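The values are calculated or read from the model by the stated rules, or taken from the named source; none is laboratory data. On a predicted model such as this, the values are computed, not experimentally measured, just so you know. Methodologically, a virtual Cβ is constructed for each residue, glycine included, from the backbone with ideal geometry; neighbour enumeration extends over all protein chains shown.
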Amino acid sequence: MGQITLNQITKSFGDVQVIPPLDLQIDDGEFVVFVGPSGCGKSTLLRLIAGLEDVSSGDITIDGKNATEVPPAKRGLAMVFQSYALYPHMSVRKNIAFPLRMAGIDKAAQDAKVAAAAKVLNLTDYLDRRPGQLSGGQRQRVAIGRAIVREPAAFLFDEPLSNLDAALRVNMRLEISELHQSLKTTMIYVTHDQVEAMTMADKIVVLQAGRIEQVGSPLELYHTPRNKFVAGFIGSPKMNFLTGSFADEFDAATIGVRPEHLTVSQSDGKWVGKVGVSEHLGSDTFLYVDMDGVDEPITVRSSGEIGFRHGDIVHLTPAPDKIHRFDNQDLRIA
Amino acid sequence: MARAVSTRRKALVTICAWAVGIAIFFPILWTVLTSFKTEAEAIASPPSFLFFDWTLENYSTVQERSDYFRHFSNSVIISFGSTLLGLLIAIPAAWSMAFVPGKRTKDVLMWMLSTKMLPPVGVLIPIYLLFRDTGLLDTRIGLVMVLTLINLPIIVWMLFTYFREIPGEILEAARMDGAELWSEIVYVLTPMAVPGIASTLLLNIILSWNEAFWTLNLTAVDAAPLTAFIASYSSPEGLFYAKLSAASTMAIAPILIIGWFSQKQLVRGLTFGAVK
């Protein structure tokens, strides 16, 4: 089980309220990602759930029981930290066994569980090493192993991949997703990387300044962002925003078009611009097009290789059903 | 060019360091040498440095006249006892100040240190009277208590500094792993702070071993440690330099040996966290 409900929780540090009243329901077995720019309160929210910070008001319920006043050790949750937070003076084996030892489980059962976790995480050969002798990826796996063995109600991940290099990050992302498939335990994952959010989550919670901007599946957020902030945050490269006469035509204060929903042509199209930078990745081509009356260059994503270069005049046409309209409050117009 | 300057600078620094080292060490060397002289040679002028009749006579006289081993065992009990008791109190105190600081933590730390600024003699009378009325005068337990209290601010400060170097996330991880406060301190914090705790321990043993004010004023016979043993050679019948030196040498030898063997640990502890 691992159902977590946040009911009107707030958090203040001194006079500063970092989390205004907030409600959230996390269902058993869900993979929930908290995503937002740095300082949006996503880590604080996770630490409130973990019990590492006390809520200023409101209730946290875990599996139907009020856990607001329960210390972290008793909440039955496991956490993987950004810095891995392994115990440097213990071997990998002892690190993974630590939660079991704290729970007073007998030695034989500890060994069996550690061996099983090590096998899943490919750590069997490293059990007698110290964390200092491991690579970043291995350390991360030890941290995950330490979380798995206690069979928690939910896993909490606090930006676990941000200390790894890009290639390893993709691998670990897959491993964590696979782990979720096989364990079917609730996972709450904090990241500022929207690609991680999109690829891993069942449900994404987009946060800004401690407020929930939108909750939904990755594709819901992609197709129907509730406001301009979510629209700009989800999706890579970022959505293009146009105002003024471009938006008036669609009866909106701002319109947004994703780079992949623009077609580019040499001869005719709706808007005209000049190619600034072009990035040729082979699989995709990104063009940054300067247009009169638009402050930032418009990003265009075309699959495959297209032959436009710096200085070329191009015509852009947005896919009519993929235009997002926002009012002057930056809210989506249905 | 830069290299030449740095070599000259290096030489200069080396010479200065040696000069300071010798200046500090010279009185100790002189004491040790004097302890092997006869009383007449000890006060001879000009003094002879190495060429005198070496004798062990002072050591045997000193051991005969006052029981070295009784004083020695008192010193051991008092210095180790007060340091261990101090650590027992200071570890939780430093833990709370390092990891759950309150609004007043800094003030408390400053206040604790400020007690070290008071001249001990200022509280000698009240403490003496307290000791007299509670029967603690000339007892080892009394000295253990008083030295614990005297050194506690230093122990807490040192541990506080070491604990602050330990990343908070590791302790949070322990909490998430189900460790209660006590397990967190015993299994995670203390092992990680061992270098710091060890150097605190050593430094405080040295400080308590050498502490003379309270040990001289609050003891007479039964609990008298080595400081009293030395002091007993500098009085009523006049000064006996050679015997006083022999007593001093016997008193500093044990702590010097401990210090010598643990110097690596001491230096490591004192520079803990300075270099990562």
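Checking each residue in segment B:181-235 for being in a helix (DSSP H, G or I), within 14 Å of another protein chain (Cβ to nearest Cβ) and touching a residue at least 12 places away in the same chain (Cβ under 8 Å) picks out B:184, B:185, B:187, B:188, B:189, B:190, B:192, B:195, B:196, B:197, B:198. Among the residues of segment A:73-90, is any part of a loop (DSSP other than H, G, I, E, B), within 8 Å of chain B (Cβ to nearest Cβ) and hydroxyl-bearing (Ser, Thr, Tyr)? Within segment A:73-90 (the criterion being part of a loop (DSSP other than H, G, I, E, B), within 8 Å of chain B (Cβ to nearest Cβ) and hydroxyl-bearing (Ser, Thr, Tyr)), the answer is yes, since at least one residue qualifies. Filter segment A:106-138 down to the residues that are within 14 Å of chain B (Cβ to nearest Cβ) and not in a loop (DSSP other than H, G, I, E, B), then identify the one that is surrounded by the fewest Cβ atoms within 10 Å (Cβ to Cβ). Here the answer is A:132.
Yes/no per residue for (1) assigned to a helix (DSSP H, G or I); (2) without any contact (Cβ under 8 Å) to a residue 12 or more places away in the chain:
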{"position": "B:12", "(1), (2)": "yes, yes"}
{"position": "B:17", "(1), (2)": "yes, yes"}
{"position": "B:22", "(1), (2)": "yes, yes"}
{"position": "B:32", "(1), (2)": "yes, no"}
{"position": "B:40", "(1), (2)": "yes, yes"}
{"position": "B:54", "(1), (2)": "no, no"}
{"position": "B:61", "(1), (2)": "yes, no"}
{"position": "B:95", "(1), (2)": "yes, no"}
{"position": "B:106", "(1), (2)": "yes, yes"}
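What's the total number of residues in segment A:182-212 that are closer than 16 Å to residue A:158 by Cα, among the aliphatic types (A, V, I, L, M) and crowded, with 16+ Cβ neighbours inside 10 Å? Qualifying residue count, segment A:182-212: 10. Here A:28, A:63, A:54 are screened, and the one residue that is within 14 Å of chain B (Cβ to nearest Cβ) and among the charged types (D, E, K, R) is A:54.
I'm trying to understand the selection: among the residues of segment A:253-269, which are surrounded by 15 or more Cβ atoms within 10 Å (Cβ to Cβ) and not in a strand (DSSP E or B)? Break it down stepwise before answering.
Of segment A:253-269, the ones surrounded by 15 or more Cβ atoms within 10 Å (Cβ to Cβ) are A:253-262, A:264, A:269.
Within segment A:253-269, A:253, A:258, A:259, A:260, A:261, A:269 qualify.
Among the residues here, residue A:325 qualifies as surrounded by fewer than 18 Cβ atoms within 10 Å (Cβ to Cβ), at pLDDT 90 or above and within 21 Å of residue A:224 (Cα to Cα). Restricted to segment B:124-179, and to residues there that are touching a Gly at 6+ places or on another chain (Cβ under 6 Å) and assigned to a helix (DSSP H, G or I), the residue that is nearest to the other protein chains (Cβ to nearest Cβ) is B:162. Say whether the condition of being assigned to a helix (DSSP H, G or I), buried (at least 21 other Cβ atoms within 10 Å of the Cβ) and either outside the structural domain of residue A:35 (by TED's automatic domain parsing) or not β-branched (Val, Ile, Thr) (or both) is met by at least one residue in segment A:231-238. Scanning segment A:231-238 turns up at least one residue that is assigned to a helix (DSSP H, G or I), buried (at least 21 other Cβ atoms within 10 Å of the Cβ) and either outside the structural domain of residue A:35 (by TED's automatic domain parsing) or not β-branched (Val, Ile, Thr) (or both). Across segment A:191-207, the qualifying residues are those that are out of contact with any Pro (no Cβ under 7 Å at 6 or more places or on another chain) and assigned to a strand (DSSP E or B), and the one among them that is farthest from residue A:6 (Cα to Cα) is A:191.
With respect to residue B:113, is the statement that it is away from chain A (no Cβ under 14 Å), over 15 Å from the mean Cα position of the chain (by Cα) and within 22 Å of residue B:199 (Cα to Cα) true? Before the answer, list the steps.
Numbers: away from chain A (no Cβ under 14 Å): yes; over 15 Å from the mean Cα position of the chain (by Cα): yes; within 22 Å of residue B:199 (Cα to Cα): yes.
Spelling it out, residue B:113 is indeed away from chain A (no Cβ under 14 Å), over 15 Å from the mean Cα position of the chain (by Cα) and within 22 Å of residue B:199 (Cα to Cα).
Residue A:46 meets all of the listed conditions (1) more than 9 Å from chain B (Cβ to nearest Cβ); (2) in a helix (DSSP H, G or I); (3) crowded, with 22+ Cβ neighbours inside 10 Å; (4) touching a strand residue (DSSP E or B) at 6+ places or on another chain (Cβ under 9 Å) but one, namely (3). Taking segment A:91-105 as the range and being within 8 Å of chain B (Cβ to nearest Cβ) and not in a helix (DSSP H, G or I) as the test, only A:103 passes. Evaluate the following for residue B:83: is it more than 19 Å from residue B:234 (Cβ to Cβ), touching a helix residue (DSSP H, G or I) at 6+ places or on another chain (Cβ under 7 Å), modelled with pLDDT of 90 or more and polar (S, T, N, Q)? So residue B:83 passes the test. Scanning segment B:230-246 finds one or more residues that are surrounded by fewer than 21 Cβ atoms within 10 Å (Cβ to Cβ) and within 22 Å of the chain's Cα centre (by Cα).
Between A:300, A:272, the distinction of being touching a Phe, Trp or Tyr at 6+ places or on another chain (Cβ under 9 Å), in a strand (DSSP E or B) and outside the structural domain of residue A:215 (by TED's automatic domain parsing) belongs to A:300 only.
Screening residue A:250 with (1) in a strand (DSSP E or B); (2) touching a Lys or Arg at 6+ places or on another chain (Cβ under 6 Å); (3) more than 20 Å from residue A:159 (Cα to Cα) gives one miss only, at (1). For residue A:144, the requirement of being in contact (Cβ under 8 Å) with a residue 60 or more places away in the chain, more than 8 Å from chain B (Cβ to nearest Cβ) and among the hydrophobic types (A, V, I, L, M, F, W, C) is met.
Filter segment A:139-166 for residues that are outside any loop (DSSP other than H, G, I, E, B) and of a type in the set (Gly, Ala, Ser); which is surrounded by the fewest Cβ atoms within 10 Å (Cβ to Cβ)?
A:166
When restricted to residues that are touching a residue at least 40 places away in the same chain (Cβ under 8 Å) and surrounded by fewer than 19 Cβ atoms within 10 Å (Cβ to Cβ), segment B:167-180 contains 1. Here is the figure for segment A:78-108: residues that are closer than 14 Å to residue A:151 by Cα and among the basic types (Lys, Arg) total 1.
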